[in-house]
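Peer 1: Below is a structure I'd like to ask you about.
What follows is calculated from the coordinates using simple rules that are stated; it is not laboratory data. Keep in mind the model is a prediction, meaning the values are calculated, not measured. Don't worry about glycine lacking a Cβ; one is built from the backbone with ideal geometry, like all the others, and counts go over all protein chains shown.
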Amino acid sequence: MMTAIESQDGEWVKQRYLTRVNQLYSDIRNWLKDQKELHLEQHAVEIGEDLTGFYTAPTLVVSSSTEKLAEFKPEGACIIEAEGRIDVLGWLGVEYIIYMVNGGPILGGQQMFKDIDANGWYWAENNLKNKAHFMNQENFFKLFTQATDYEL
């Protein structure tokens, strides 16, 4: 059973995560505003975590006129060595956007990813290079193409 303090902490963590997710979605809408052939829809997913309990988070679906291209699906605020994760589901596979702080995760005394210079959302490239890319328009376009094979 959760204590009152844990409950307050969980609510704060949940709200912080949802604010960050919504800000990223706002950025994505802005980055895609000139892509007239794409449609964006927001849906919802239920997430359950020990610290936060169950809550509803927004998903973002990007489609062309003929097919669903990608779904941005929040996985939770309580991620090991990070402050949130969003899965990007495309027909080529899954890519991960992770909210990293303080230089990102440490493994064996070394940073797992290079170039984590600021707190924020990063695309943790799904390969063996241990590269993470800060979420800006250029890196978003690369991520989107990687997940969907759709050129922006």
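Peer 1: Just Leu107, Leu32, Leu89 to compare: in a GNM of the chain, with alpha carbon springs under 10 Å, which one fluctuates most?
Peer 2: Sorting by GNM fluctuation, first place goes to Leu107.
Peer 1: Below 8 Å, C-alpha to C-alpha, sequence gap of six or more: please give me the relative contact order for the range 4-148 in percent.
Peer 2: Once divided by the residue count of the range 4-148, the mean separation gives 16 percent.
Peer 1: Can you list the residues, at least 5 places off or on another chain, whose amide H is less than 5 Å from the amide H of Ile79, using H built in the peptide plane?
Peer 2: Answer set, sorted by chain and number: Gly84.
Peer 1: What ranking, highest mean first, results for peptides 131-141, 37-47 when packing means the other Cβ atoms within 10 Å averaged over each residue?
Peer 2: Most protected by this proxy first, the peptides run 131-141, 37-47.
Peer 1: Ranking Tyr55, Tyr17 by Cβ neighbours within 10 Å, fewest first, what do you get?
Peer 2: Ordered from fewest to most neighbouring Cβ atoms within 10 Å, Tyr55, Tyr17 come out as Tyr55, Tyr17.
Peer 1: Now, a different point. Is it possible to state the helix-based mean residue ellipticity at 222 nm for the chain, with each DSSP H run of 4+ residues giving -39500 (n - 2.57), the sum divided by total residues, to the nearest 500 deg cm²/dmol? What is it?
Peer 2: -9000 deg cm²/dmol
Peer 1: Pop out the ³J(HN,Hα) list for the range 101-110 in order, Karplus 6.51 cos²θ - 1.76 cosθ + 1.60 with θ = phi - 60°, rounded to Hz; leave Gly and Pro as x.
Peer 2: Each residue's phi maps through the Karplus curve to give 10, 6, x, x, x, 10, 9, x, x, 10 Hz.
Peer 1: Rounded to whole Å, give me the distance from the Cα center of the range 50-64 to that of the range 103-152.
Peer 2: The range 50-64 and the range 103-152 have Cα centres spaced 21 Å from each other.
Peer 1: Too long at a 24 Å Cα-Cα cut-off: which of Lys14/Lys131; Lys68/Lys114; Lys36/Lys142; Lys36/Lys68?
Peer 2: The pairs that break the limit, which is 24 Å between Cα atoms, are Lys14/Lys131; Lys68/Lys114.
Peer 1: Hey, another quick one. Where in the range 92-119 does the label zone of Asp27 land, with the point 7 angstrom along Cα→C-beta and an amide N cut-off under 13 Å?
Peer 2: Only 97-101, 117-119 pass the distance filter.
Peer 1: In a GNM of the chain with a 10 Å cut-off on Cα contacts, which of Thr52, Thr19, Thr66 has the highest mean-square fluctuation?
Peer 2: In the Gaussian network model the winner is Thr66.
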